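Asks: Before anything else, here's the structure in question.
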Amino acid sequence: MQTVNDATSLAAAIEAAQSTGKKIAFVPTMGALHAGHLSLISAARNHADFVVVSIFVNPLQFGVGEDFEKYPRTLDADIESLESVGANLLFAPTVDVMYPDGQPAPVTKFSGEIGTRYEGAARPGHFDGMLTVVARLFDLVKPDFAIFGAKDAQQLFLIRRMAKTDYPQLQIVSAPIVREPSGLALSSRNRYLDAASHQVAEQLSAAIRAGHATAQKPSIALESARAVMSQVPEAKLDYIALVDADTFETIPDSFKGRALMLIAAVVGTTRLIDNIEITF
Ligand code: AMP
């Protein structure tokens, strides 16, 4: 696997691949890679013959007081993992490469009203910063396919919506959530959890599974999920919500169709999110 750190070397490597007729599949990440990330790379390999992965901890999507500085950075281990799953090219830029006009970088993509709900309410500006860096990465990598995890459901929704208007040639692919045997969704932030917090964190997935198991009506599913979380007051529940999977709008109790149950809670100092698809 080749590693490049600047836009010129990236463009040269991409052009070399394209000149031999290869399609490009792209997996953006913030590094600290785990099996969830690696599943996206496998999905990428199923779509195209040249897989580009980026590792960039994007300051623009972290709020004041969030964990930008202490976000785990494990580049050597990440490179080993990427080689083991057959990624072709790693793009690991510095902040200056991504934002050459200096900092704070201007926001160029906006997530709108949906971007102010749920994760956006807890993390103002997060989704605008995320869309801005994803767009810049798309402009640099020029992929045919881009792969994102269903774990970050609101992010995936917003990226799909942006791509539809701004990158119509690009196919956005979603990959299922990879979980520990306990049910806990893998996350780079799980490494912040000690044993006791880990047990508490497992209840997020238990809660949405309970919702899934009692899906006669949205209100009943929500009640079941909330009942599980009420057993773990150590988890500071932010929201449990049901949204239309296609529009991300809150659903009425009469809703029929594909919904997502979303959950977010803070365990210790770690913010965790999860979701599950429920058909009513
Ligand atoms: P991150 O490095 O946290 O920005 O995540 C990079 C990509 O990996 C995003 O598309 C995430 O949705 C995806 N991802 C993170 N955790 C998981 C997981 N447990 N299962 C599947 N995809 C994941």
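Asks: Specify the residue that is least open to solvent (accessible area, probe 1.4 Å); the eligible residues are those in the stretch 148-166 that are more than 9 Å from the ligand (Cβ to nearest atom) and either closer than 21 Å to residue 183 by Cβ or of a type in the set (D, E, K, R) (or both). Step through it out loud before you land on a result.
Replies: Step one: of the stretch 148-166, the residues more than 9 Å from the ligand (Cβ to nearest atom) are 154, 157-158, 160-166.
Next cut, either closer than 21 Å to residue 183 by Cβ or of a type in the set (D, E, K, R) (or both) only: 154, 160-161, 164, 166.
Numbers: 154: 10, 160: 96, 161: 100, 164: 163, 166: 69 Å².
The selected residue is 154.
Asks: Take the conditions over 18 Å from the mean Cα position of the chain (by Cα), open to solvent by 40 Å² or more (accessible area, probe 1.4 Å), assigned by TED's automatic domain parsing to the domain that holds residue 126 and not small (Gly, Ala, Ser) and apply them to residue 93. Does it pass? Before you say what the answer is, go through the steps one by one.
Replies: Details: over 18 Å from the mean Cα position of the chain (by Cα): yes; open to solvent by 40 Å² or more (accessible area, probe 1.4 Å): no; assigned by TED's automatic domain parsing to the domain that holds residue 126: yes; not small (Gly, Ala, Ser): yes.
Considered against the rule, which asks whether it is over 18 Å from the mean Cα position of the chain (by Cα), open to solvent by 40 Å² or more (accessible area, probe 1.4 Å), assigned by TED's automatic domain parsing to the domain that holds residue 126 and not small (Gly, Ala, Ser), residue 93 comes out as no.
Asks: Go through the stretch 96-109 and report how many residues are in a loop (DSSP other than H, G, I, E, B) and either surrounded by 13 or more Cβ atoms within 10 Å (Cβ to Cβ) or among the polar types (S, T, N, Q) (or both). Before the answer, list the steps.
Replies: So the first thing to find is which residues in the stretch 96-109 are in a loop (DSSP other than H, G, I, E, B), and the list is 99-109.
Pick out the ones that are also either surrounded by 13 or more Cβ atoms within 10 Å (Cβ to Cβ) or among the polar types (S, T, N, Q) (or both) and you get 99, 103, 105, 107-109.
Selection size over the stretch 96-109: 6.
Asks: When only residues in the stretch 221-240 that are in a helix (DSSP H, G or I) and open to solvent by 60 Å² or more (accessible area, probe 1.4 Å) count, which is farthest from residue 117 (Cα to Cα)?
Replies: 230
Asks: Quick test of your reading of the structure: residue 124 fulfils all but one of (1) within 16 Å of the ligand (Cβ to nearest atom); (2) more than 17 Å from residue 3 (Cβ to Cβ); (3) within 19 Å of the chain's Cα centre (by Cα). Name the failing condition by number.
Replies: (1)
Asks: Separate question: Answer yes or no as to whether residue 207 is assigned by TED's automatic domain parsing to the domain that holds residue 227, open to solvent by less than 20 Å² (accessible area, probe 1.4 Å) and more than 16 Å from the ligand (Cβ to nearest atom). Walk me through it before giving the result.
Replies: Numbers: assigned by TED's automatic domain parsing to the domain that holds residue 227: yes; open to solvent by less than 20 Å² (accessible area, probe 1.4 Å): yes; more than 16 Å from the ligand (Cβ to nearest atom): yes.
Yes; evaluated as a whole, the condition is true for this residue.
Asks: Given the condition of a type in the set (Gly, Ala, Ser) and open to solvent by 20 Å² or more (accessible area, probe 1.4 Å), answer yes or no: does some residue in the stretch 70-78 qualify?
Replies: Going residue by residue through the stretch 70-78, those that are of a type in the set (Gly, Ala, Ser) are 77.
From what's left, open to solvent by 20 Å² or more (accessible area, probe 1.4 Å): 77.
Among the residues of the stretch 70-78, at least one is of a type in the set (Gly, Ala, Ser) and open to solvent by 20 Å² or more (accessible area, probe 1.4 Å), which makes the answer yes.
Asks: Could you tell me how many of the residues in the stretch 233-273 are in contact with a Leu (Cβ under 6 Å, 6 or more places away or on another chain) and either over 22 Å from residue 123 (Cβ atoms) or among the small types (Gly, Ala, Ser) (or both)?
Replies: 5
Asks: Now for a separate question. Go through the stretch 167-197 and give me each residue that's among the small types (Gly, Ala, Ser) and near the ligand (Cβ under 7 Å from one of its atoms). Let's see the steps before the verdict.
Replies: Pass one, the stretch 167-197, residues among the small types (Gly, Ala, Ser): 174-175, 182-183, 185, 187-188, 195-197.
If the condition is that a residue be among the small types (Gly, Ala, Ser) and near the ligand (Cβ under 7 Å from one of its atoms), then 175, 185, 187, 188 are the ones that fit.
The values are calculated or read from the model by the stated rules, or taken from the named source; none is laboratory data. On a predicted model such as this, the values are computed, not experimentally measured, just so you know. Cβ: placed from backbone, ideal geometry, glycine included. Neighbour counts: every protein chain shown. For the accessible areas, the whole protein counts, side chains as well, though only heavy atoms, and no ligand, DNA or RNA atoms are used. Shrake-Rupley method; radii C 1.70, N 1.55, O 1.52, S 1.80 Å.
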